[in-house]
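The structure appears right after this line, and notes come after that.
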Amino acid sequence: MTKEIAEHLFISPKTVSRHLANLRRRYGVASAPALVSLFYPEPGGRLKLTPREAAVFELIRSGLGSLHIARELGVSFTTVRRHRENMLLKNECTTIRQLMALFISGERPPGPQ
């Protein structure tokens, strides 16, 4: 996996290994595939969220807007917006509504036509 990532990003395998090791420690996972599974959804599977994205998602579910979420978590509005964008990208959704439907049903709703 390290070699493929290095070739794709045009950096050395040693650099990739170092970064993967840091990320594994940060997120508490033992292997690179487990790390990847944190950030990319399985088709028809559960939502893939980092712990911070999960906190943002729970506040969205409770009905708070981005500005109120930022105040609640003590971060900037831009940070909350970035978390929302990342959640949508990783879960292949285009709207928060689709993300909620995926969370509730476990099935990916149809996108806009």
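Here is a yes/no grid of residues against (1) among the aromatic types (Phe, Trp, Tyr); (2) outside any helix (DSSP H, G or I); (3) modelled with pLDDT of 90 or more; (4) buried (at least 16 other Cβ atoms within 10 Å of the Cβ):
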{"position": "ILE60", "(1), (2), (3), (4)": "no, no, yes, yes"}
{"position": "HIS68", "(1), (2), (3), (4)": "no, no, yes, no"}
{"position": "THR78", "(1), (2), (3), (4)": "no, no, yes, no"}
{"position": "ARG84", "(1), (2), (3), (4)": "no, no, yes, yes"}
{"position": "GLU92", "(1), (2), (3), (4)": "no, yes, no, no"}
{"position": "ARG97", "(1), (2), (3), (4)": "no, no, no, no"}
{"position": "ILE104", "(1), (2), (3), (4)": "no, no, no, no"}
{"position": "PRO109", "(1), (2), (3), (4)": "no, yes, no, no"}
{"position": "PRO112", "(1), (2), (3), (4)": "no, yes, no, no"}
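Within the range 45-58, if we keep just the residues that are of a type in the set (D, E, K, R) and part of a helix (DSSP H, G or I), the residue that is surrounded by the most Cβ atoms within 10 Å (Cβ to Cβ) turns out to be GLU53.
Hey, could you check the range 5-17 for residues that are part of a helix (DSSP H, G or I) and loosely packed, with under 11 Cβ neighbours inside 10 Å and say which is nearest to the chain's Cα centre (by Cα)?
Initially, the range 5-17 is screened for residues part of a helix (DSSP H, G or I), giving 5-9, 13-17.
With the extra rule that they be loosely packed, with under 11 Cβ neighbours inside 10 Å, the set shrinks to 8, 14.
Working: HIS8: 21, LYS14: 25 Å.
Only one residue fits best here, namely HIS8.
Inspection of the range 23-41 identifies at least one residue that is modelled with pLDDT under 75 and outside any helix (DSSP H, G or I).
The values are calculated or read from the model by the stated rules, or taken from the named source; none is laboratory data. Only a predicted model underlies this, so the values are computations on that prediction, with no experimental measurement involved. Heads up, the Cβs are rebuilt from the backbone with ideal geometry, glycines too, and the neighbour counts pull from every protein chain shown.
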